[in-house]
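Undergrad: Below is one structure. I have some questions about it.
The values are calculated or read from the model by the stated rules, or taken from the named source; none is laboratory data. Model, not experiment: these values are computed from the prediction. Don't worry about glycine lacking a Cβ; one is built from the backbone with ideal geometry, like all the others, and counts go over all protein chains shown. Note: areas computed on protein heavy atoms with side chains; ligands, DNA, RNA excluded. Shrake-Rupley method; radii C 1.70, N 1.55, O 1.52, S 1.80 Å.
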Amino acid sequence: MTSRRTSLLKVFVWGRRNIPGWGFYARGSRKFGALLLMYFLAFPVIILLNLDQFLMVIESMALSAFLLAMDFDHHTLFVRGDVIEHYLATIFLVVMPVLLWWLNRRHMRTLAEDRDIHELSQWALAWREFKKNNIAASALVFIILLYTTAFLCPYIAPYHPNAFQDGLVTKFRAPFSEVTILYLKEPRVRPLGTEALQMRSEYPSVVGDLVRTNIALTDDGFSKERTVAAFRVEAANVKATVGDSLVSIPIATLAGSIPEEFSGTRFHLMGTDSYGRDILSRIIYGSRVSLSLGFVAVLLSVSLGTLIGLLAGYYGKYADSILMRLVDILLAFPALFLILIIISAFESIAVPRVVLIVLVLGLTSWMGISRLVRGEVLSVKEREFVLAARALGIGHARILSKHILPNILTPIIVNATLRIGGIILVEAALSYLNIGVQQPTASWGNIIFEGKDFLSHAWWISTLPGFAIVLVVVSFNLVGDGLRDSFDPMLNNERL
Amino acid sequence: MIRYIIKRVMSAIPLLFGLLTFTFFIIRLAPGDPMSLYIQADVDPMYAENLRNTLGLNDALPLQYVKWVKGMLTGELGMSFSKHADVSRILADTIPNTLLLTVFALFFNFLIGIALGVTTALKRGSATDHIVNVSSLFVYSMPEFWLGLMLILGVSLQLDLLPASGMHSPLAKYLSFPEYVWDVLQHMVLPVFVLGVASAAATGRYMRGSLLEVVNQDYVRTARAKGLSEFLVIGKHALRNALIPIITLLGLSLPFLLGGAVIVETVFAWPGMGKLTVDAIFARDYPLIIACTLVSGVMVIAGNLLADILYAIVDPRIRYD
């Protein structure tokens, strides 16, 4: 009895340390612990649900790694852009739970005893405040879920975002509609031969395996299916309606002999667009563009703005007046004009459009930050601890990075969070002017742009991605507001 | 004060010139040909070449720049490449259209914004406060083109209440004057709504914060203590001071009058400055792009100046010397 109890106790101790969330839950952070535990457990569940795909990606990665190491000269033969996203998703799927496990374990170790509030850092205090703010915390959870989905979209999206077939049958399907499909015995398009590729490498059989795996991986699965509006069985044939015509398909070519075996349905939760592509899948894939672009562009603009603001504020004199006049000139442009002029000027340069947009958005939106930072630096640099550091003979670079920057970080972080929403809106607006991310790559803005011509008979195409944008921007704004309040508890008390 | 204004105006001139020079070079260094319109199967290639010669596009870049500076100094804005008309003429035709839209939008923006801000600040913590706060958060997190599309979808296509796009009906020129005005008004409702209401959400938030800050000040407490009615306390003492940042906001909204409606004008096919600029950029119509930049740059700089001056007027504690 006692030995069973001790072994059970051991399991609990082990679990608190090694299963993210359990420890938090047991220590009283019920909500946070439960959420973390569910998030952690979602990863193995996703792997198990997509085990075939997961193993295929692992195989493909192993083969690619082998070829990269052994036969680098021909690596362009087998590194394919559309496979990379599967690699990234899979790496994320494996690394994220391990990272969570490690962070949790470390946290549980350092948290041996409750610490006094005075020992907590500014960040820990802010985090305490932030967790109390239910709305902002929920918004943060929502954003984390969105970023996770964006990373894992090959595993989560129901269909390939660009896959479509038989536009006559599949286009403009309303939300919640089903498309009837017939399963074919043989794929309609055979995979390309791999011999030519194999010939050029020293490891033909590995290349052959890799190409076959990659084709299977990136296959949208539509080649073994045929969409029909309706069908009925007549003797040895299936009479199917496709558009206005009646097509006869021999049952022998189908995967089965009775309708239950050879027919099925494709479900489109959010309907399909003018080509018949699944809107939900496009929105899931489109989230990658909006989320990554918003994040990277803000990172770029905040770094640049902070750097320029630091230099202008700290060195003053000529540096200050030159840099601030530059800021004035750039601010005198209406931001959208500037972005339009630069993008249309450089659109023919061989840089991927997403990179161009990130650069342009990042390089045209740093001025506000640099003014903010300059103001903060001007006040901080006269404070005693900076004067003391100077008196000690510490170099400028070190004073800037170790003494000034940490003290002005909170307004920068709050401002950056509030900016991401704005950048996502600008990116969507660029797509609406058709100079954003180009088709067929899905982005929320270009799905709306694409659907605007069909508003009268297919409202869902433009409407649904808009809701996605609104939700994300609202969440970022809520998190930004929450951060501001939690970094500045005085303000919080005054407010209500 | 006067000296300050003169100094600001003088310092604005090099700023504006820098802005235009920047635009001049960036659009000319860009790959792309403004004459691509004439490179077609049935147009003689020499035509485009001759046009390029007459417009001076074949000159060396420094020479083009000198010519352009000369034109600028004499107030010559040049000929538009794509519209075959004087740029100043095009601007004169377009600016009123945009102003019609943006003046109304700005009016509703501040009217609704201030009303919302005051209501929510006075009823802080009430259900009204929460509802207005949440909905304004959603409104200003919306892409305005999407809001426009949704209004077109709901109001124009489904309910058929208002026209979906353009500034007037196709046959408007045959209408009598009152009918014409009514026609334009109907076309204006949706774009003005998108422009005005979306910004009213932000203005309202600003106003709420500003009034809340003022209400906690000592002089408001004093006013209450001497027994003034709540209406007088708020209307005469609190509100006047709470409006100071809003007035600055009004000055800063000046550039919006001519450049803020780019997306909305595109969505509603409104023939204004925003749409003109976008079209000019896509057509690589250099003189027109420069002119649009000039107009909006002047507005931005004038708006900043106006904001500072208004600030000093309404708040005598601020001195510019």
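Undergrad: Starting from segment A:147-162, keep only residues that are farther than 17 Å from A:Leu291 by Cβ, then list their pairs with residues that are of a type in the set (D, E, K, R) and crowded, with 21+ Cβ neighbours inside 10 Å whose Cβ atoms are within a distance under 7 Å, requiring at least 6 positions of separation or different chains.
TA: If the second residue must be of a type in the set (D, E, K, R) and crowded, with 21+ Cβ neighbours inside 10 Å, the pairs left are A:Pro158/A:Asp278; A:Tyr159/A:Asp278; A:Asn162/A:Arg277.
Undergrad: Could you check how many residues of segment B:1-27 are at pLDDT below 80, open to solvent by 50 Å² or more (accessible area, probe 1.4 Å) and at the interface with chain A (Cβ under 10 Å from one of its Cβ atoms)?
TA: 1
Undergrad: Quick one: B:Thr128 ticks every box in (1) surrounded by 14 or more Cβ atoms within 10 Å (Cβ to Cβ); (2) facing another protein chain (nearest Cβ under 9 Å) except a single one, so which number is it?
TA: So the condition that B:Thr128 fails would be (2).
Results for (1) open to solvent by 30 Å² or more (accessible area, probe 1.4 Å); (2) acidic (Asp, Glu); (3) part of a loop (DSSP other than H, G, I, E, B), shown as yes or no for each residue.
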position	(1), (2), (3)
A:Glu260	yes, yes, no
A:Gly264	no, no, no
A:Phe267	yes, no, no
A:Arg282	no, no, no
A:Ser290	no, no, no
A:Leu307	yes, no, no
A:Leu311	yes, no, no
A:Leu326	yes, no, no
A:Ala345	no, no, no
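Undergrad: Could you list, ordered by first residue, the pairs with Cβ atoms under 9 Å in which the first is in segment A:206-223 and in the same structural domain as A:Gly264 (by TED's automatic domain parsing) and at positive phi and the second is aliphatic (A, V, I, L, M) and open to solvent by less than 50 Å² (accessible area, probe 1.4 Å), at least 6 apart or interchain?
TA: Cβ pairs passing all conditions: A:Gly221/A:Ala163.
Undergrad: If you don't mind, there's one more thing I want to ask. So for segment B:267-277 (the condition being more than 30 Å from B:Asn58 (Cα to Cα) and either without any contact (Cβ under 8 Å) to a residue 60 or more places away in the chain or within 11 Å of chain A (Cβ to nearest Cβ) (or both)), does at least one residue qualify?
TA: Within segment B:267-277, one or more residues are more than 30 Å from B:Asn58 (Cα to Cα) and either without any contact (Cβ under 8 Å) to a residue 60 or more places away in the chain or within 11 Å of chain A (Cβ to nearest Cβ) (or both).
Undergrad: Restricting to segment A:440-462, name every residue that is polar (S, T, N, Q), within 11 Å of another protein chain (Cβ to nearest Cβ) and open to solvent by less than 10 Å² (accessible area, probe 1.4 Å).
TA: The one that is polar (S, T, N, Q), within 11 Å of another protein chain (Cβ to nearest Cβ) and open to solvent by less than 10 Å² (accessible area, probe 1.4 Å): A:Ser462.
Undergrad: Restricting attention to segment B:298-321, which residues are more than 11 Å from every other protein chain (Cβ to nearest Cβ) and either within 30 Å of A:Gly436 (Cβ to Cβ) or without any contact (Cβ under 8 Å) to a residue 40 or more places away in the chain (or both)?
TA: The answer is B:Ile313, B:Pro316, B:Arg317, B:Ile318, B:Arg319.
Undergrad: Only one residue in A:Ile420, A:Ile413, A:Ile435, A:Ile424 is more than 11 Å from every other protein chain (Cβ to nearest Cβ) and crowded, with 20+ Cβ neighbours inside 10 Å, so which one is that?
TA: A:Ile420
Undergrad: Going through B:Val295, B:Val214, B:Val220, B:Val233 one at a time, which residue ends up being modelled with pLDDT of 80 or more, open to solvent by less than 20 Å² (accessible area, probe 1.4 Å) and either closer than 30 Å to B:Ser82 by Cβ or within 14 Å of another protein chain (Cβ to nearest Cβ) (or both)?
TA: Result of the check over B:Val295, B:Val214, B:Val220, B:Val233: B:Val214.
Undergrad: Among all residue pairs at least 6 apart or on different chains, which show Cβ distances below 6 Å where the first residue, located in segment A:317-333, is more than 14 Å from every other protein chain (Cβ to nearest Cβ) and the second is open to solvent by 30 Å² or more (accessible area, probe 1.4 Å)?
TA: Filtered contacts from segment A:317-333: A:Ala319/A:Leu311.
Undergrad: Kindly indicate which of B:Ala238, B:Ala242, B:Ala200, B:Ala225 is of a type in the set (Gly, Ala, Ser), farther than 17 Å from B:Leu100 by Cβ, out of contact with any Lys or Arg (no Cβ under 8 Å at 6 or more places or on another chain) and surrounded by fewer than 16 Cβ atoms within 10 Å (Cβ to Cβ).
TA: Answer to the selection: B:Ala225.
Undergrad: Right, next: Residue check, A:Val470 against (1) within 13 Å of another protein chain (Cβ to nearest Cβ); (2) surrounded by fewer than 15 Cβ atoms within 10 Å (Cβ to Cβ), all met but one. Which one?
TA: Exception for A:Val470: condition (2).
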